[in-house]
Amino acid sequence: MHEDAERCIRAVQSKDARFDGWFFIAVLTTRIYCRPSCPVSPPKPKNMRFYPSAAAAQQAGFRACKRCRPDATPGSPKWNERADLVARAMRLIKDGVVDRVGVPGLAAQLGYSTRQIERQLRAEVGAGPLALARAQRAQAARLLIETSALPMADVAFAAGFSSVRSFNDTVQAVFAMSPTELRKRSHPAGVAGTLALRMPFRAPLCADSLFGHLAATVVSGTEEWRSGAYRRTLRLPGGPGVVELRPGASAFIECRLILTDLRDLTTAINRCRWMLDLDADPIAVDELLGEDPALAPSIRKHPGRRVPHLVDGEEFAIRALLGQQASAGTARGRAEWLVAAHGPSLAAPDGGLSRLFPSPAEIAEVDPATIPLPDRLRAALLRLAEALAAGSIDVSSGSDWQRARAGLAAVPGILPDTVERIAMGALGDPDAFTTADPGVRTGAAELGLPSTEAELTRHATLWRPWRAYALQHLWSTADRPGDTVPTPMCDAGADRSSTAACSGGR
């Protein structure tokens, strides 16, 4: 979009927040870059320049605006809508891969040369992987400076910088303030390892359905709903963590993180955003789906539905298989047994959170005779765990969607419906779709849509490329549980029946 100057100028002059993250405006006279919705008076069009990313604007010598904080905008939704090289690379860079293993490691994970990745990223995003990672480190540094009382040297290394000098130079270049000046403008609180921050998103957001789903599907030990917030454990590169998420005022999700290693900050935030689908473009989704008269009433009643994911694609894949052709309660019970029996314990339990969800490698080592599952499902679970642990099936954020589908379909015992569920919730394919779920067909029938699998599949071509979002409306119409946020009495500690009564149980 940044190449369409007239369209960008109109968005800036109207201060249209829908375009925040799609492009960035830089002002030649002030050497400042902003988000399109910046509250200051728009500059003259002749002084505007447009960039596809904050990293590109920074690389061109512009610093971030202190009013609109363009570095903190929601990410561009196009990286989660596509499965090409650039989109996969952007998702992995957001997950901190470059900081952990460098550009060669990123290239190895994507299966391309570093030169190919550099060339394609520069052509589309305006910056290479190192510049993009630098911009991300700058944002992580700003969060740590403003939300913690950590010494600056600790902030520098936690944000991913190799030295305090490069940290100081980058903060000064990007924000036109020293780290100390940034901190003076904020009011840091808390202790090392604990951070409170706000995660922006594009409005509208149907928070009831999103948090209702998370609350209704909690797996005890690793997840809980407590005092109006969804809480869960995190498996991160530097060690375990805990996150607490709750709907906030305006266009933010309140986030509280407890991290073993503060260098995991960027990764943790990105995975939480991924889980809540916060980088989606709800306006584009609702406009297209709303063109179908059958879906239009649901779109008007519940605008901004998101596709809920999990913080870890491998966990989602395992849980989707455990729920294959089973009731929601049975699926949850199987997952809770797996966590209780084989999930690593936290050194310091936090509320009802005491364990991590077991990794594929840990599941693959379980004695089959001890797994209380039907024979065919038990065999499929172990085969899937072995394939995920070996890397022959990749369901990470940087995976090739079609290759992952083919790998999943080749595992004996995994049904096509489960493959599509994993494509939707783990891979993040916005066009994943299934008609095998009776709830989908029931919801379709109630809306006056074709209820047979073949006819519904044909009709669903009208919803492409947003069929995964259409599924959320069909499931809701079918009165699937978890479409409302639980009441406070449904906190951890309540028995399963009372929780089910409040959240609809699943």
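The values are calculated or read from the model by the stated rules, or taken from the named source; none is laboratory data. Here the structure is a predicted model, which is why all the values come from computation and not from measurement. When we count neighbours, we look across all protein chains shown, and the Cβ atoms used for this are built from the backbone with ideal geometry, even at glycine.
Residue 122 passes every criterion in (1) assigned to a helix (DSSP H, G or I); (2) surrounded by 22 or more Cβ atoms within 10 Å (Cβ to Cβ) apart from (2). Pairing each residue of the stretch 447-471 that is under 21 Å from residue 209 (Cα atoms) with any residue that is among the polar types (S, T, N, Q) and assigned to a helix (DSSP H, G or I), provided the two are 6+ apart or on different chains, yields C-beta distances under 7 Å for 447/477. Checked against (1) at pLDDT below 90; (2) within 29 Å of residue 272 (Cα to Cα); (3) surrounded by fewer than 16 Cβ atoms within 10 Å (Cβ to Cβ), residue 4 passes all but condition (2). Annotation note: of 411, 339, 395, the sole residue that is in contact (Cβ under 8 Å) with a residue 40 or more places away in the chain and touching a Lys or Arg at 6+ places or on another chain (Cβ under 9 Å) is 339.
Looking across the stretch 49-74, the residues that are part of a helix (DSSP H, G or I) and within 20 Å of residue 201 (Cβ to Cβ) come down to 54, 70, 71, 72. Scanning the stretch 429-482 for residues that are farther than 20 Å from residue 327 by Cα, of a type in the set (D, E, K, R) and out of contact with any Lys or Arg (no Cβ under 8 Å at 6 or more places or on another chain) yields 429, 446, 455, 458, 464, 467.
Of the helices (runs of 4 or more DSSP H) lying entirely inside the stretch 395-461, the ones with 1 or more residues being of a type in the set (Lys, Arg) and over 29 Å from residue 293 (Cα atoms) are found at 401-409. Inclusion of residue 385 among residues that are surrounded by fewer than 18 Cβ atoms within 10 Å (Cβ to Cβ), modelled with pLDDT of 95 or more, out of contact with any His (no Cβ under 9 Å at 6 or more places or on another chain) and aliphatic (A, V, I, L, M) is not warranted.
Quick one: is residue 221 crowded, with 22+ Cβ neighbours inside 10 Å, within 19 Å of the chain's Cα centre (by Cα) and modelled with pLDDT of 90 or more? Criteria not met by residue 221. Among the residues of the stretch 91-108, not a single one is of a type in the set (Asp, Glu) and modelled with pLDDT of 95 or more. Taken together, the residues in the stretch 424-440 that are touching a Pro at 6+ places or on another chain (Cβ under 9 Å) and without any contact (Cβ under 8 Å) to a residue 40 or more places away in the chain amount to 3. Against the definition (in contact with a helix residue (DSSP H, G or I) (Cβ under 9 Å, 6 or more places away or on another chain), buried (at least 20 other Cβ atoms within 10 Å of the Cβ), at pLDDT 95 or above and within 24 Å of residue 121 (Cβ to Cβ)), how does residue 26 come out, yes or no? The answer is yes for residue 26. Looking across the stretch 366-406, the residues that are closer than 20 Å to residue 312 by Cα and polar (S, T, N, Q) come down to 392, 396, 397, 399, 402.
For (1) over 16 Å from the mean Cα position of the chain (by Cα); (2) over 19 Å from residue 222 (Cα atoms); (3) without any contact (Cβ under 8 Å) to a residue 12 or more places away in the chain, each residue gets a yes or a no:
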{"site": "248", "(1), (2), (3)": "yes, yes, no"}
{"site": "265", "(1), (2), (3)": "no, yes, no"}
{"site": "268", "(1), (2), (3)": "no, no, no"}
{"site": "276", "(1), (2), (3)": "no, no, no"}
{"site": "289", "(1), (2), (3)": "yes, yes, no"}
{"site": "292", "(1), (2), (3)": "yes, yes, no"}
{"site": "295", "(1), (2), (3)": "yes, yes, no"}
{"site": "300", "(1), (2), (3)": "yes, yes, yes"}
{"site": "303", "(1), (2), (3)": "yes, yes, no"}
